[in-house]
Amino acid sequence: MLQNGFKMSSVKIEYRPLLPCESKDYRMIRLESLKVFPESFGANYEESLKIEKFTLEDNIENPVQEKLIFGAFDRSELIGICVFVKEGISTGSIYQMYVKKNYQGKNIGFGLIQSVIHEAENRFHDIDIVLEVTAHNLAAYHLYKKLGFEEINIDSEKNNGNKVMKYRRN
């Protein structure tokens, strides 16, 4: 289990995979992300409310090798999520990156994605990591660029106009 932290004034943020007992916390923050930023995710808040149990809730409770479901924690409070899914022999994608609004702008998203990338590379070795970002989400786009992602040319119609980015290893 990966556990990294950094000091943010007197707060220590912990990045780690979610534990089976934290699946309901995941559900709550996922719904919050859909409500606060409806344009940034491929799911709808109102429709998601009707789903009794998300697939990723089940994956948290019954972990699978191909999925990494990480959280950022301020003490015991889940304040951010990031999911990695291995989708092919040498490819995987980052999904559902979200940090609670009052924690944004404090490099927590940076640390969270770094932790996910590190764990994905350790688990799957020479894996290509990609993600999509909505064209208008400039803060996320610049965060991903800062982390080493580069925009790649893929037919934007297939991705609903989203930008596709690929991680470039150092």
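Tabulated data
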{"item": "Inter-residue pairs, beta-carbon under 7 Å, first exposed (fewer than 12 other Cβ atoms within 10 Å of the Cβ) and in the stretch 45-69, second not aromatic (F, W, Y), 6+ apart", "result": "L49/L31"}
{"item": "Checklist (1) at pLDDT 95 or above; (2) surrounded by 15 or more Cβ atoms within 10 Å (Cβ to Cβ); (3) of a type outside the set (K, R) applied to N107, failing item", "result": "(1)"}
{"item": "Some residue of the stretch 150-157 being within 25 Å of R16 (Cβ to Cβ) and open to solvent by less than 90 Å² (accessible area, probe 1.4 Å)", "result": "no"}
{"item": "Flag if H136 is more than 21 Å from E14 (Cα to Cα), open to solvent by 90 Å² or more (accessible area, probe 1.4 Å) and in a helix (DSSP H, G or I)", "result": "no"}
{"item": "Which numbered condition Y95 misses (of (1) open to solvent by less than 80 Å² (accessible area, probe 1.4 Å); (2) within 21 Å of K35 (Cβ to Cβ); (3) within 10 Å of the chain's Cα centre (by Cα))", "result": "(1)"}
{"item": "Any pair with Cβ under 7 angstrom, 6 or more apart, that starts in the stretch 149-170 at a residue that is assigned to a strand (DSSP E or B) and β-branched (V, I, T) and ends at one that is open to solvent by 40 Å² or more (accessible area, probe 1.4 Å) and at pLDDT below 75", "result": "V164/I154"}
{"item": "Cβ-Cβ under 7 Å pairs, at least 6 apart or on other chains, the stretch 100-126 side outside any helix (DSSP H, G or I), far side at pLDDT 95 or above", "result": "K100/I79; K100/G80"}
{"item": "Residue list for the stretch 145-170, filter: hydroxyl-bearing (S, T, Y) and modelled with pLDDT of 95 or more", "result": "Y167"}
{"item": "Residue count, the stretch 21-37 (criterion: touching a residue at least 40 places away in the same chain (Cβ under 8 Å), assigned to a helix (DSSP H, G or I) and open to solvent by less than 70 Å² (accessible area, probe 1.4 Å))", "result": "7"}
{"item": "Which numbered condition S90 fails, given (1) in contact with a helix residue (DSSP H, G or I) (Cβ under 6 Å, 6 or more places away or on another chain); (2) more than 23 Å from L19 (Cα to Cα); (3) of a type outside the set (D, E)", "result": "(1)"}
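Yes or no, residue by residue, for (1) more than 21 Å from F84 (Cβ to Cβ); (2) in contact with a strand residue (DSSP E or B) (Cβ under 9 Å, 6 or more places away or on another chain); (3) not small (G, A, S):
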site: Y26; (1), (2), (3): no, yes, yes
site: S33; (1), (2), (3): no, yes, no
site: V36; (1), (2), (3): yes, yes, yes
site: E39; (1), (2), (3): yes, no, yes
site: E46; (1), (2), (3): yes, no, yes
site: P63; (1), (2), (3): no, yes, yes
site: E66; (1), (2), (3): no, yes, yes
site: I69; (1), (2), (3): no, yes, yes
site: A72; (1), (2), (3): no, yes, no
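The values are calculated or read from the model by the stated rules, or taken from the named source; none is laboratory data. Quick caveat, the model's predicted, so the values are computed rather than measured. A quick note on method: Cβ atoms are made from the backbone with ideal geometry, for glycine too, and the neighbour counts reach across all protein chains shown. The accessibility values were calculated without ligands, DNA or RNA, using every heavy atom of the protein model including side chains. Shrake-Rupley method; radii C 1.70, N 1.55, O 1.52, S 1.80 Å.
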